Amino acid sequence: MDRKMLQHLFFLSKFLLKLLGYPQGYHCKSKCLKYMKYESMANKYTSQDLLNTTLVFEVEGGLLRSTSLFPYFMLVAFEGGGVLRGLVLFLSYPLICLVSKEIGLKIMIFIGFFGVKKDSFIIGKTVLPKFFMEDLGFEGFEVVMSCGKKVGLSEFPRVMVEPFLKDYLGVDCVLGRELKVVCGYYVGLMEDVTMIIRSSLLMNDMLNEQRDSHLIGFGCSSKIYDYQQIFAHCKEIYLVSESEKKRWRALPRDKYPKPLVFHDGRIAFVPTFQRTFAMVMWVPFGFWLGLLRILIAITFPYTISIPVFSFTGMGGRLYTTTNSSYSLAKDDIVDMKGKDDPINSQGKGTLYVCNHRTLLDPIYISMAIMKPVTAVTYSVSWLSELLSPINTCHLSRNKEKDSKMMKMLLRQGALVVCPEGTTCREPYVLRFSPLFAEIGNEIVPVAIDAKTNMFYGTTASGFKFLDPLFFVLNPVGIYHVKILKKLSTANIRDQQSGIEMANRVQKQIAEALGFECTNLTRRDKYMSLAGNEGVV
């Protein structure tokens, strides 16, 4: 009897056992393995003991709270292959539910990876870490991070999960499914050598290198037997049940092992089947609604466009400061009077300095102050400039030329500058370029935050001309604009350098938003997400 016939008989027996309701895996439990509840690990081992221990853990069963792999493959299909590939995966979901788990996984892998160039697949590094991080169970995370060396076992293709596990959790070795590559492209099929066999070989190599190491296993009781050949190397195995996993808490942001500052992709939600269905139903209607929003913005004055925006879901909230304390004025745009008002006390020559969330930042500032402004830009597409209701002017990245140009624009009217140089989605403020501090005598800091519920209006590796369209495509998009107390630079310019004043404004804006200041720059973002320095 050949090998293929044995494999067919094996899968047939598993299928029949499943139909009969027989608890698969329990009949083949190895008596030499010691199974215990995962809570008992803390009672048996001290923190120092765990630092000298190698943990072999399941990613899906012992770390993630979600029980479905579909959202992650939808991210791969949509972000890596485009809208059509994502739609094909969505329509294939009923078939995936009808077949066995293994066949369903193969279908999702084929749809997500077929024809994708290996060297250009960066989703595992740029998009998936955010969703993996938000799906971490706090209890499972504590178990994994308490051990010195960590080996992760995953049902995902290794290219999907390895960047996250190594970069954020410090996992030493990741054992996942290997994909076939032909002429530099994925063909959507897995290697002939099974993950179990490959993983067992790697485990043997690891044991030979670490003969004195104490190996323990950690995973979910319903999945642990899928990796029994691997866990056979462990002296003890700690299990968590499905009911216990349902009570796991999400990992708080302040417990993240590494700050999540940069990530890419368009989808702003976890694309479960139900949420993806809602997105598919919304997009045809949202496309025309987005075009209507753009048409209203470039055609009508603010007194008309602002109420229409609010009615169609693109609202805004304006906050102002009096004596350095913030007070909510009212929804949308408010009329403020007084000599100390940072809006109405400023006419021509006002320099508004804000953090950067989307390309619409200067437009919402213009709406907030109810006056036309000019925005200095660097990498804005020609389409975005054509559809912009405000004036824009390009920076050359030459300090002398840009300084002269900005001084000239300030003499003509209000100017909006985003010293970060690029957008940041997370609650962080990137390092400010100090050029603005050397130009205007009076600076009005503006703290901005944008909230969307379906699509991100920014990208690092995608088509930038689609950024405004994706933002207005959202069912709801809310902008929070906080006009802060103006800063007179003429009196402190002799005492502080431009860098010190830029850091001061950065800190002021970050405190107003409850964000954290960083030293990261535009170059850091693009090197992390796109592999270049962001030069266009």
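The values are calculated or read from the model by the stated rules, or taken from the named source; none is laboratory data. Small disclaimer: the values here were computed from a predicted structure and weren't measured. No Cβ is skipped: glycine too gets one built from the backbone with ideal geometry, and neighbour counts run over all protein chains shown. Please note that ligands, DNA and RNA were not included when accessible areas were found on the heavy atoms of the full protein model with its side chains. Shrake-Rupley method; radii C 1.70, N 1.55, O 1.52, S 1.80 Å.
List of remarks:
- Of all residue pairs spaced 6 or more apart or on separate chains, those with beta-carbon atoms under 7 Å, a first member in the stretch 388-405 that is part of a helix (DSSP H, G or I) and a second member that is open to solvent by less than 40 Å² (accessible area, probe 1.4 Å) are Lys399/Leu435; Asp402/Leu435; Ser403/Leu435; Ser403/Ile439; Met405/Cys393.
- Qualifying residue in the stretch 436-448 (condition: assigned to a loop (DSSP other than H, G, I, E, B) and of a type in the set (Gly, Ala, Ser)): yes
- Residue identified as open to solvent by 40 Å² or more (accessible area, probe 1.4 Å) and either at pLDDT below 90 or in contact with a strand residue (DSSP E or B) (Cβ under 8 Å, 6 or more places away or on another chain) (or both) among Lys235, Lys255: Lys235
- Every condition in (1) modelled with pLDDT of 95 or more; (2) surrounded by 12 or more Cβ atoms within 10 Å (Cβ to Cβ) is met by Tyr22 except one, and the failing one is (1).
- Only residues that are modelled with pLDDT of 60 or more, crowded, with 20+ Cβ neighbours inside 10 Å and more than 25 Å from the chain's Cα centre (by Cα) were counted in the stretch 156-208, giving 1.
- Failed criterion for Ser384 (all others in (1) out of contact with any Gly (no Cβ under 7 Å at 6 or more places or on another chain); (2) within 25 Å of Phe455 (Cα to Cα); (3) in a loop (DSSP other than H, G, I, E, B) hold): (3)
- Being modelled with pLDDT of 90 or more, out of contact with any Pro (no Cβ under 9 Å at 6 or more places or on another chain) and open to solvent by 50 Å² or more (accessible area, probe 1.4 Å) is a property that Leu295 has.
- Residue within the stretch 130-141 that is free of Cβ contacts under 8 Å to residues at least 60 places away in the same chain, open to solvent by less than 10 Å² (accessible area, probe 1.4 Å) and outside any helix (DSSP H, G or I) present: no
- Failed condition for Tyr378, given (1) more than 15 Å from Leu359 (Cα to Cα); (2) surrounded by fewer than 19 Cβ atoms within 10 Å (Cβ to Cβ): (1)
- Pairs linking a residue in the stretch 81-98 that is at pLDDT 95 or above to a residue that is of a type in the set (Ser, Thr, Tyr) and assigned to a helix (DSSP H, G or I), with Cβ atoms under 8 Å and 6 or more positions apart or on different chains, are Gly86/Thr276; Phe90/Thr276.
- Residue count, the stretch 372-422 (criterion: more than 13 Å from Pro362 (Cα to Cα) and not aromatic (Phe, Trp, Tyr)): 28
- Matching residues in the stretch 89-100 - criterion: being in a helix (DSSP H, G or I) and either acidic (Asp, Glu) or loosely packed, with under 13 Cβ neighbours inside 10 Å (or both): Leu91, Pro94, Leu95, Cys97, Leu98
- Criterion applied to Ser305, Ser310 was being in contact with an Asp or Glu (Cβ under 7 Å, 6 or more places away or on another chain) and surrounded by 13 or more Cβ atoms within 10 Å (Cβ to Cβ), and the one residue passing it is Ser310.
- Scope the stretch 38-57; condition out of contact with any Cys (no Cβ under 9 Å at 6 or more places or on another chain), over 19 Å from Lys223 (Cα atoms) and loosely packed, with under 13 Cβ neighbours inside 10 Å; matching residues: Ser40, Asn43, Lys44, Thr46, Ser47, Gln48
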